[in-house]
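S.K.: Take a look at the following structure, please.
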Amino acid sequence: MTTIQPVPRLRVPAALHGRRLRRTPALRALVRETRLSARQLVQPVFVCEGRDVREEIGAMPGQHRVSVDRLPGLAAELEVAGIGGVLLFGVADAKDAVGSGAWADDGLVQRAVAAIRRSSSDLVVIADVCLCEYTSHGHCGVLADDVVGGPRVDHGASLELLTRAAVSLARAGADLVAPSAMMDGQVAAIRAGLDDDGLGETAILAYAAKHASAFYGPFREAAGSAPAFGDRRSYQMDPANGREAVRELLADVAEGADIVMIKPAMPALDLVARARELLDTPVAAYQVSGEYAALCAAAERGWLDRRAAALEALTAIARAGAGIIVTYFAAEATAWLDDAR
């Protein structure tokens, strides 16, 4: 008679029992690899003309244009919440061909920076440096006379004005200036201009890999910065090009950038991870207006849980390697993170 031998019980190596550490919320929190902090979040703020203005932006529910006089109060609220900083954009009423409002010493964002500084706020203030919000044509630099076949930017003239804008914003008290125009050599030009003006302590956050993305639409409504003709593909990056993005990142660091930023964030998590792998400098990512608006719209329709989806997206950006995240969810997320503790 044949004796049937029992089949040995398969023993799964202890290292594969991941579920043991997922059993309770406390265990999951204890072993969590990526942790979000309010201090790593930066809230974009749209500054407009007028007094006592706080108007909601249609394409970005929960976001507002605010006048300069209301900024000290807003800064105080964000500082109490523990947020890392603010990134200021101007919504200019007056525009011209050379974007003079961007580099005027009494420009809109210059006054905004000064107002926050007078309020004794310790909040980190970052000032965007670009011409698009101030030019009548909506492009990020000065246009050459010959625009046959599409807009052509005069890089030399643009670099001069971007440098003037950065210097004026640093004089007003900005902790960081953030060139976003994607003009070749903009970081080197701005670094030299700051140093020559005795502003060597002002840091540069470079929009190093900024793609010509479909996700910028709501921002252009918020800032009134859509191009009057053509598009920005001749100076912003092709979203298909990863190796080119790495070259841009390395070039900006070589030119003197203190922080490099990838924009948009979620469609470029591979580049965030690559930047973190290659560079010793801090890496930032911008969760842009279209990313924010898409999550808000899905939540409004009941298709997603707003809080859960936003925190998952922010965690993914941090997990990819971003130590700094610019996000329109920043103010909300600080409260959510407090609740999670």
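S.K.: No solvent, one uniform scatterer per C-alpha: report log10 I(q)/I(0) for the chain via the Debye equation at q = 0.08, 0.10, 0.15 1/Å, two decimals.
M.R.: Those come out to -0.40, -0.59, -1.31, one per q.
S.K.: While we're looking at this one, here's another question. What's the longest uninterrupted piece of the chain once you rule out the chymotrypsin sites (Phe, Trp or Tyr not before Pro) that are loop residues per DSSP with at most 15 other Cβ within 10 Å? All intermediate terms of the calculation are to be shown ahead of the outcome.
M.R.: Working: sites that count: 229, 303.
Counting at most 15 other Cβ atoms within 10 Å as exposed, the longest clean stretch of the chain is 1-228.
S.K.: Counting only complete DSSP H runs, which helices of the chain cover 24 Å or more along their long axis at the Cα atoms and score a mean Kyte-Doolittle of -1.0 or above? Display every interim value, and only then the final one.
M.R.: Details: long enough: 155-172 (25 Å, 0.56).
Both cut-offs are met by 155-172.
S.K.: How long are the semi-axes of the equivalent ellipsoid of the range 257-306, taking √(5λ) for every eigenvalue λ of the Cα gyration tensor, in whole Å from largest down? Please report the intermediate quantities before stating the final value.
M.R.: On the way: eigenvalues 164, 20, 10 Å².
Ellipsoid half-lengths, sorted descending, are 29, 10, 7 Å.
S.K.: Of all the C-alpha pairs in the range 170-319, what % are more than 21 Å from each other?
M.R.: Details: 5594 of 11175 pairs.
The share of Cα pairs beyond 21 Å in the range 170-319 comes to 50 percent.
S.K.: In addition: Calculate how large, on average over all directions, the projected area of the Cα convex hull of the range 27-142 is; give the answer in nm² to one decimal. Walk me through the numbers before you get to the answer.
M.R.: Working: hull surface 37.2 nm².
Average projection, Cα convex hull of the range 27-142: 9.3 nm².
S.K.: Right, another one. Count charges around residue 47 for me, please; just the other residues with Cβ under 13 Å from its Cβ, Lys/Arg as +1, Asp/Glu as -1.
M.R.: Values: positive: 51, 54, 65, 70, 111; negative: 49, 55, 69, 93, 128, 133.
Taking every Cβ under 13 Å from that of residue 47, the sum is -1.
S.K.: Grab the other residues whose beta carbon is less than 9 angstrom from that of residue 67, score K and R as +1, D and E as -1, and report the net. Please report the intermediate quantities before stating the final value.
M.R.: Numbers: positive: 51, 54, 65, 70; negative: 49, 52, 69.
My count for the surroundings of residue 67 gives +1.
S.K.: Taking springs between alpha-carbon atoms closer than 10 angstrom, which of 290, 18, 50 fluctuates most in the Gaussian network model of the chain?
M.R.: Comparing 290, 18, 50 in a Gaussian network model of the chain, the most mobile one is 18.
S.K.: Moving on. For Cα pairs less than 8 Å apart in space and 6+ apart in sequence, what is the mean separation divided by the residue count of the chain, i.e. the relative contact order in percent?
M.R.: Relative contact order for the chain comes out at 17 percent.
S.K.: Another question, then. Springs between alpha-carbon pairs under 10 angstrom, Gaussian network model over the chain: which of 163, 202, 24 fluctuates most?
M.R.: For the chain, modelled as a Gaussian network with Cα springs under 10 Å, the answer is 24.
S.K.: Quickly estimate the mean residue ellipticity at 222 nm for the chain, helices only: each DSSP H run with n ≥ 4 gives -39500 (n - 2.57), and the total goes over all residues, rounded to 500.
M.R.: On the way: 12 runs with 130 residues, N = 341.
The per-residue figure over the chain is -11500 deg cm²/dmol.
S.K.: Where is the GNM fluctuation largest for the chain (alpha-carbon springs, 10 angstrom cutoff): 152, 301, 243?
M.R.: In the Gaussian network model the winner is 301.
S.K.: Along Cα→Cβ, 7 Å out, is where each label goes; now give me the distance between the ones at residue 33 and residue 51 in nm to one decimal.
M.R.: 5.5
S.K.: Full-extension gain between residue 154 and residue 221, please, as 0.36 nm times their residue separation minus the C-alpha to C-alpha distance.
M.R.: Working: separation 67, 0.36 × 67 = 24.12 nm, distance 2.55 nm.
Residue separation times 0.36 nm, minus the Cα-Cα distance, leaves 21.6 nm.
S.K.: Can you give the translational diffusion coefficient of the range 241-341 in µm²/s, computed by Stokes-Einstein from the Kirkwood radius over Cα pairs at 4 °C and 1.567 mPa s?
M.R.: On the way: Rh = 14.3 Å.
D, rounded to a whole number, is 91 µm²/s.
No value in this document is a laboratory result; all are computed from the given coordinates. Remember, predicted model here, so these are calculated numbers, not experimental data. Here Cβ is always computed from backbone atoms with ideal geometry, including for glycine, and neighbour counts include all displayed protein chains.
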